[in-house]
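Working notes, structure below.
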Amino acid sequence: MKFFKKLLLSLAIILGLAILALYLFDADYILRGVKITYLKGYKTAYIDDYSEFDNRTIKTSGKPQPWSLHKKYNSAEATQKLQSINEELGTVAFLIIKNDSIWYEKYADDYGKTSHTNSFSMAKSITSALLGKAIKDGFIKDLDQPVADFYPQFDKRLSVGDLSSMSSGLNWEENYYSPFSMTARAYLDDDIKELILSLRVEEEPGKAYKYLSGNTQLLSMVVAKASEKTLSDYLSESFWQPMGMQDKAFWQLDDNEEGDEKAYCCIASNARDFAKFGKLYKDHGKWNGEQLLDSSFVATSIQPKFKDSPEYGYGFWLSNHLNKKMFVMRGILGQYVITIPEDDMIIVRLGHQRGERTNDRAFTDDFYTYVEEAYQMISN
């Protein structure tokens, strides 16, 4: 009995020292991560975790513009291969939109048309759209405007376009699983702005693609400062309201209601509303006759900036799978809005996990399966 008491005391002391060390080395955000993820049975972020954080509401207009239902709505069954991968990876929403009408729609595990789930890095595409809107509104001059015009501590060679196209040269560490990484700190800490303002340019900006979440976060700070609005309010008035989103959304904050949005990730919305960004860019920035984004900005966004990195434009992933040009919003757990303009088709997939990458292609294997099986369904 005395042995067990000593053992428990020793463990308590070790735990206490570990917690003290986290505070001393400014890593106490890890405790928040343990509470939000590990104690709930997860190893990393998950699609419903927005409710564990403070959020700012992205308001709707109250006048929704619902998608039309295709005359063949849900007349087709998912292929066996699609059913299998959806079950394996925990797909909760799968949509095929054809000619601006919902052709196929399937939900699982008590999720539905209005269920909110985390966008993860699909938010990068939306933040880039806000950059385009800020340029159109005159808050930002153009893609070449220096970040230093808004935050003078940064290298004057660094432009807002470099941030959107992932070519900043910043010393950000992109790691989703180390609890000590910048990505983990950004997700869990209570002052994301402090972290971003500590970054510095280590490589010449605008010369090469390197995917860094810190780029989008700094870009969002520029947009917010230039517009003098919170990102959520600017998103609401710029897109959520004029595009008639069917439901309000939530943007995770780093702290309480006065905090900053985590712009590199973390908009909680539904599949139907996320899909509207695919339609907006497919239609060259026009929505119901109103030009929300300049068509030249849209065209630039969905073309590769660098020949040796054809997989990325400005805020959007790119693919030529099946010899079809497509642009993609993508999140870490296999969140996709895949837009294929030449066939007037949008594929949306939301879910718990993504597939493995078995070769050096730009996307994990599940992406290619979703596209191939959607075409198979339509051809049948």
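State which entries of Lys63/Lys248; Lys225/Lys305; Lys98/Lys324; Lys141/Lys307; Lys63/Lys229; Lys210/Lys279 exceed 18 angstrom in Cα-Cα distance in the structure shown.
Working: Lys63/Lys248 11 Å; Lys225/Lys305 26 Å; Lys98/Lys324 15 Å; Lys141/Lys307 26 Å; Lys63/Lys229 23 Å; Lys210/Lys279 27 Å.
Going by Cα-Cα distance, Lys225/Lys305; Lys141/Lys307; Lys63/Lys229; Lys210/Lys279 fall outside the 18 Å limit.
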Relative contact order (percent, whole number), the chain, Cα cutoff 8 Å, 6+ residue spacing: 24
P(r) of segment 260-380 over all Cα-Cα pairs, binned every 5 Å from zero, in whole percent: 2, 10, 19, 24, 22, 14, 6, 1, 0, 0
Gain upon complete extension [Ser68, Asp190; 0.36 nm per residue less C-alpha separation]: 39.8 nm
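I want to verify the translational diffusion coefficient of segment 60-195 in µm²/s; compute it with Stokes-Einstein, Rh as the Kirkwood radius over Cα pairs, at 10 °C and 1.306 mPa s. Could the numbers behind the result be given before it?
Details: Rh = 19.2 Å.
My calculation gives 83 µm²/s for D.
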The chain: mean projected area of Cα convex hull, nm²: 21.5
Relative contact order of segment 101-215, pairs being alpha-carbon contacts under 8 Å that are 6 or more residues apart, as %: 22
Coil-residue GluC sites (Glu not before Pro) of segment 255-306, DSSP, other Cβ within 10 Å capped at 14: Glu257, Glu258
Per residue solvent-accessible surface (Å²) - the chain, probe of 1.4 Å: 46
Within segment 83-191: Cβ-based charge dipole about Cα centre, in debye rounded to nearest 20 (Lys, Arg +1; Asp, Glu -1): 400
Amide N proximity, segment 247-284 versus Tyr211 label position 7 Å along Cα-to-Cβ, cut-off under 18 Å: 263-267
At q = 0.19, 0.27 Å⁻¹, base-10 log of I(q)/I(0) for segment 51-107 (Debye sum, equal scatterers on each alpha carbon): -0.84, -1.04
Share of carbon and sulfur in the accessible heavy-atom surface of the chain [1.4 Å probe, %]: 50
Residue-by-residue Karplus 3J(HN,Hα) for segment 256-269, coefficients 6.51, -1.76, 1.60, Hz, glycine and proline x: 7, 5, 9, x, 9, 5, 7, 7, 7, 7, 6, 9, 9, 8
Label-point separation in nm, Glu290 to Gln241, each point 7 Å along Cα→Cβ: 0.9
Principal semi-axes in Å for segment 186-332 [√(5λ), Cα gyration tensor, largest first]: 25, 23, 14
Glu311 long-range amide H proximity, modeled H, under 5 Å: none
Potential extension, Glu258-Asn175 segment - 0.36 nm per residue separation minus Cα distance: 27.2 nm
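Give the shape of segment 107-186 as rounded, prolate or oblate, defined through the alpha-carbon gyration tensor: a ≥ b ≥ c are the square roots of its eigenvalues, a/c under 1.5 means rounded, and otherwise the shape is prolate if a/b is larger than b/c and oblate if not. All intermediate terms of the calculation are to be shown ahead of the outcome.
Values: a/c = 3.43, a/b = 1.44, b/c = 2.38.
Oblate.
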Mean residue ellipticity (222 nm) of the chain, computed from DSSP H runs ≥ 4 via -39,500 (n - 2.57), nearest 500: -10000 deg cm²/dmol
Helix runs (DSSP H) in the chain reaching 18 Å along axis by Cα, Kyte-Doolittle at least 1.6: 2-24
Average projection area in nm² (convex hull over Cα atoms of segment 286-347, one quarter of hull surface): 5.1
Karplus-derived HN-Hα couplings along segment 47-54 (A = 6.51, B = -1.76, C = 1.60, θ = phi - 60°), whole Hz, x at Gly and Pro: 5, 9, 6, 4, 6, 8, 10, 6
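The values are calculated or read from the model by the stated rules, or taken from the named source; none is laboratory data. None of the values given here were measured: they were computed from a predicted structure. With ideal geometry, Cβ positions are generated from the backbone for all residues, glycine too; neighbour counts draw on all protein chains shown. Each accessible area value is taken on the protein alone, full model and side chains, heavy atoms only, with ligands, DNA and RNA left out. Shrake-Rupley method; radii C 1.70, N 1.55, O 1.52, S 1.80 Å.
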